[in-house]
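Engineer: Okay, here's the structure, questions in a sec.
Values quoted throughout were computed directly from the atomic coordinates according to the rules given, and no laboratory measurement underlies them. For clarity, every value in this text was computed on a predicted model and none was experimentally measured. When we count neighbours, we look across all protein chains shown, and the Cβ atoms used for this are built from the backbone with ideal geometry, even at glycine.
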Amino acid sequence: MTQTPSTRAARLTAVTAVGALTVTLAACGDDGGNGGEEAADQDSLVLYSGRNEELIQPLIDDFTEETGVEVDVRYGDTAELAAQLLEEGDNTDADVFLAQDAGALGQVASEGMFDTLDSELLDQVPEIYRDADEQWVGLSGRLRTLIYNEDLVDEDELPERVEDINDEEYQGRVAVAPTNASFQSFVTAYRELEGDEAAEDFLSGLAENDAPIREKNGEIVTDVASGSLEMGLVNHYYLYAQAEESGEDPEDMDIANHLFGDGDVGALMNVAGAGVMDADHEPSQQLMEYLLGEDGQSYFVEETAEYPMIEGMDGPEGMPALEDLDIPDIDLNRLEDLETTVEKITDSGLAG
């Protein structure tokens, strides 16, 4: 876990370049926690959570009620917290880091800040959704899809591969959210699988094909549902959020998720996951077991329509089972280089 100041500074600079440090974390660090004393307490732990409080706190409260372990949660943006961890190094108060995406986990793991996880814990999750060096594990999954309005787009019009959306027939029809983290992770995966030149061509193709631009995935889905957009690249669970907002059953809506096949990068499965600083810290181990247990996994399925990471549990309604997905074969640790991705997106003209 030893890091040189220059290494930490380089990592911190890289994360900052993605816009990660636009908000200070004073509130996270000064919220009445007991710092190192609490981390050493075998009845408590400090959790750095890149997932929002509205989603995570009820789950943490259930964990505390079941185990008696008190959890001091420091909430913040995933990239901001990753940057804070890199800056704090061995002096961090954190016992567990819960991240929104695998790229941030890869950043922290690459600096040796995570301890090796228990093999029985890891074996519950397919290898593709956990770190090959056993430093972190996926807790829930989100699949990239093409959402479309069924009244405006016939099934036989849907593209077979994500690169097809740059064809002339899709000009001005497929929206993207270039500044959104999930789109940036997707482009990073594109770079890893197809190469930087191919990714640059894809991005410039989107710009030249007049792809409608939105700031967030949710905006794309809302506009597709209203008919002001035909299609858009998003994550699968936004359809379910739209259904809940409108009070409809997902299957009764006029919008649907189109899944790319044959291992296409357009079917990237990214994960929210976690790593621990000390595998011998019993409360940290208890939390990880809870999050990958039936109660924790059911919570993610029911509250956010994300995919569970353990076998034998149903996924979101109307979606294929986890084992039946035809996703690209990629090491999720390789999604950490977001700085270069953001530069390429900016250079393409999709984002300023």
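Engineer: On a 0 to 90 degree scale, rounded to 10, what angle separates helix 217-226 from the longest Cα axis of the chain?
Structural biologist: Orientation of helix 217-226: about 40 degrees from the principal axis.
Engineer: Got a sec? Charge dipole of region 155-253, +1 on Cβ for Lys and Arg, -1 for Asp and Glu; which of Asn217, Leu229, Gly172 is way out at the positive end?
Structural biologist: Farthest towards the positive end: Asn217.
Engineer: Enumerate the calculated ³J(HN,Hα) couplings along region 200-207 in order (Karplus 6.51 cos²θ - 1.76 cosθ + 1.60, θ = phi - 60°), each rounded to whole Hz, writing x wherever the residue is Gly or Pro.
Structural biologist: 4, 5, 5, 5, 5, x, 4, 5
Engineer: Would you please classify the overall shape of region 266-352 from the alpha carbon gyration tensor, given that a ≥ b ≥ c denote the square roots of the eigenvalues, rounded means a/c under 1.5, and beyond that prolate means a/b larger than b/c while oblate covers the rest?
Structural biologist: On the way: a/c = 2.47, a/b = 1.40, b/c = 1.76.
Oblate is the answer for region 266-352, as a/c is 1.5 or above yet b/c matches or exceeds a/b.
Engineer: Moving to a separate point now. What is the sum of charges around Asp77, taking Lys and Arg as +1, Asp and Glu as -1, for the other residues whose C-beta is under 15 Å from the C-beta of Asp77? Each step should come with its number before you reach the end.
Structural biologist: On the way: positive: Arg51, Arg74, Lys216; negative: Glu53, Glu54, Glu80, Glu87, Asp101.
So the surrounding residues net to -2.
Engineer: If you place +1 on the Cβ of every Lys and Arg, -1 on the Cβ of every Asp and Glu, and leave all else neutral, what size is the dipole of region 97-249 about its Cα centre, to the nearest 20 Debye? Spell out each step's value before the answer.
Structural biologist: On the way: 8 positive and 38 negative charges, 123 e Å.
Here the size comes out at about 600 debye.
Engineer: Same structure, new question: State the antiparallel share, in %, of DSSP beta bridges confined to the chain, rounding to the nearest 5.
Structural biologist: Details: 22 of 34 bridges.
Given both bridge residues lie in the chain, the antiparallel proportion sits at roughly 65 percent.
Engineer: According to the square roots a ≥ b ≥ c of the eigenvalues of the Cα gyration tensor, what is the shape class of region 199-352, taking rounded for a/c under 1.5, prolate for a/b larger than b/c otherwise, and oblate for the remainder?
Structural biologist: Working: a/c = 2.05, a/b = 1.29, b/c = 1.59.
Oblate shape, in that a/c is at least 1.5 and b/c is the bigger or equal ratio.
Engineer: Can you work out ³J(HN,Hα) from phi for every residue in region 108-123, in order, using Karplus 6.51 cos²θ - 1.76 cosθ + 1.60 and θ = phi - 60°, giving whole Hz and x for Gly and Pro?
Structural biologist: Residue by residue, region 108-123 yields 5, 4, 5, 9, x, 8, 8, 8, 5, 7, 5, 5, 5, 5, 5, 5 Hz.
Engineer: With axes computed from alpha carbons, what is the tilt in degrees of helix 53-67 against the longest principal axis of the chain, rounded to the nearest 10 within 0 to 90?
Structural biologist: 40 degrees
Engineer: Another question about this same structure. So, in Å, what gap is there between the alpha-carbon centers of region 97-131 and region 168-204?
Structural biologist: What the calculation gives is 26 Å, centre to centre.
Engineer: Tell me whether the chain comes out rounded, prolate or oblate; compute the Cα gyration tensor, take square roots of the eigenvalues as a ≥ b ≥ c, and use a/c under 1.5 as the rounded threshold.
Structural biologist: Numbers: a/c = 1.95, a/b = 1.48, b/c = 1.32.
Prolate, since a/c reaches 1.5 and a/b exceeds b/c.
Engineer: Compute the FRET efficiency between Glu194 and Glu65 as 1/(1 + (r/R0)^6), taking r as their Cβ-Cβ distance and R0 = 30 Å, and round to the nearest 0.05. List each step's numbers first, then the result.
Structural biologist: On the way: r = 47 Å, r/R0 = 1.57.
Efficiency, rounded to the nearest 0.05: 0.05.
Engineer: Looking at the chain as a GNM with Cα springs under 10 Å, which of Gly232, Gly106, Gly205 has the largest mean-square fluctuation?
Structural biologist: Ranking Gly232, Gly106, Gly205 by mean-square fluctuation puts Gly205 first.
Engineer: Moving on to the next point. Return the Rg/Rh value of region 111-155, two decimal places, where both radii are evaluated on C-alpha atoms and Rh is the Kirkwood radius. List each step's numbers first, then the result.
Structural biologist: Working: Rg = 17.6 Å, Rh = 13.4 Å.
Checking Rg against Rh, the ratio lands at 1.31.
Engineer: For n ≥ 4 DSSP H runs only, could you compute -39500 (n - 2.57) per run for the chain, divide by its residues and tell me the 222 nm figure to the nearest 500? Present the calculation step by step, with values, prior to reporting the outcome.
Structural biologist: Details: 14 runs with 140 residues, N = 352.
The per-residue figure over the chain is -11500 deg cm²/dmol.
Engineer: Pull up all non-local amide H partners of Arg74: gap of 5 or more, or a different chain, and H-to-H distance under 5 Å with H placed in the peptide plane.
Structural biologist: HN-HN under 5 Å from Arg74: Leu47, Tyr48, Ser49.
Engineer: For a footprinting-style exposure proxy, rank His258, His236, His281 by other Cβ within 10 Å, fewest first. Could you put the intermediate results ahead of the total?
Structural biologist: On the way: His258 16, His236 23, His281 19.
In increasing order of surrounding Cβ atoms, one gets His258, His281, His236.
Engineer: Taking amide H atoms as placed 1.01 Å from N in the peptide plane, list the residues 5 or more away in sequence, or in a different chain, whose amide H sits under 5 Å from that of Tyr237.
Structural biologist: For Tyr237, the qualifying residues are Leu143.
Engineer: Would you please name the GluC sites (Glu not before Pro) within region 147-224 that are DSSP coil residues with at most 14 other C-beta atoms within 10 Å of their C-beta?
Structural biologist: Glu150, Glu160, Glu215
Engineer: Quick check: the angle from helix 282-291's long axis to the longest principal axis of the chain, C-alpha only, nearest 10 degrees?
Structural biologist: 20 degrees
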